[in-house]
1. Residues of segment 48-134: accessible area per residue at 1.4 Å, in Å²?
2. Please turn the phi angles of segment 115-124 into ³J(HN,Hα) values with the Karplus equation 6.51 cos²θ - 1.76 cosθ + 1.60 (θ = phi - 60°), one per residue in order, whole Hz, x for glycine and proline.
3. In the structure displayed, which of Lys67/Lys132; Lys52/Lys114; Lys67/Lys114 lie more than 21 Å apart, Cα to Cα?
4. Asp143 to Glu72: extension gain in nm, 0.36 nm per residue of separation minus the Cα-Cα distance?
Amino acid sequence: MKRSTLIMKAWLGLALAVGLVCVAAAPRQAQAEPLYFALEVRREGRLVAQPKLLGETGRTVRAERRKPGASEPDYRLVLTPTAEGETFRLELDLVLPEMKGHSQLALLHGQERKVQLGRYPGDLEVSLLLMKVDSPEFRALMDLAADPEERGSGRAI
């Protein structure tokens, strides 16, 4: 084997070893956390929407309500959650036919917050509850007991 070929193979081997070390040392992406969102949207004190949504960290959740045959939706909602340790950062965008609002907030599991999106307090208000799915609190909220007999006959509607 020629000396130049041997040196080239040694460099390739070194480059491969360095590449493997870099890949192994790179931080791994956090696994997506399934989340539950319960919202109440109020316009001048009047309840406009009450969506309940499932999503996960790192993925945008979009929801809209539209009456049959309507060209414009009653509302359009976009939530973008990300996890930062025990805290969840949430970007919230809401569009109604006559106005829109944007907010960024940080929530803990089980925390409920009210956010003012309008020009003045009460103009456009969103109450938001965030919970980790499959947590004891989420199971209690959804009345999800492990044994069907523990659930009873269900909740009244």
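1. Working: 5090 Å² over 87 residues.
Ligands and nucleic acids excluded, the result is 59 Å² per residue.
2. 10, 8, 10, x, 6, 9, x, x, 5, 9
3. Those over the limit are Lys67/Lys132; Lys67/Lys114.
4. Full extension of this stretch gives 22.0 nm more.
The values are calculated or read from the model by the stated rules, or taken from the named source; none is laboratory data. Given the structure is predicted, the values throughout are model-derived calculations rather than measurements. Areas reflect the complete protein model, heavy atoms only, side chains present, ligands, DNA and RNA absent. Shrake-Rupley method; radii C 1.70, N 1.55, O 1.52, S 1.80 Å.
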